[in-house]
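None of the figures in this text is laboratory data; all of them are computed from the coordinates on show. Fair warning: this is a prediction, and the values are worked out from it, not measured in the lab. Positions of Cβ are backbone-derived with ideal geometry, glycine not excepted, and every protein chain shown enters the neighbour counts.
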Amino acid sequence: MEQVAMQEAARAREEALQYDAAGDYARSALVLEGAASFVAMAAPASPAAQAEVSALRDESMAAPEGFSALKRKALHYSKSATQQSRKR
């Protein structure tokens, strides 16, 4: 279930980046918070998943202001790294 939770986090980051790019910062924050809730419920015993929950919540708190170019790059990298680990 941990892998499913991590994939959901990656999908949510991708969606949040799209909303951010369109200027819909509130929806970006909602997507990230929703993913944090999903991951917390899907893999409550996983330390990696709980670290992901913390990161998603931090990102959700930052989203209403819009992401900086550096933060957008970090989110994209995080999403890509998760997707690449699935392919192995």
> Across segment 39-49, in residue order, what do the Karplus-derived ³J(HN,Hα) couplings come to in whole Hz, using 6.51 cos²θ - 1.76 cosθ + 1.60 with θ = phi - 60° and x for Gly and Pro?
Replying inline: 4, 4, 7, 6, 9, x, 8, 8, x, 5, 5
>> Suppose we look only past 17 Å in the calculated P(r) of the chain. What percent of the Cα-Cα pairs does that tail hold?
In response: 41 percent
>> Using helices alone, I'd like the mean residue ellipticity at 222 nm for the chain: each DSSP H run of four-plus residues gives -39500 (n - 2.57), total over residue count, nearest 500.
In response: -28000 deg cm²/dmol
> Short version: ³J(HN,Hα) in whole Hz for each residue of segment 18-34, in order, from phi by Karplus 6.51 cos²θ - 1.76 cosθ + 1.60 (θ = phi - 60°), x for Gly and Pro, what are they?
Replying inline: 5, 5, 4, 4, 7, x, 8, 5, 5, 5, 4, 5, 5, 4, 5, 5, x
>> Among A62, F38, S78, which residue has its Cα furthest toward the positive end of the charge dipole of the chain, with +1 on Lys/Arg Cβ and -1 on Asp/Glu Cβ?
In response: S78
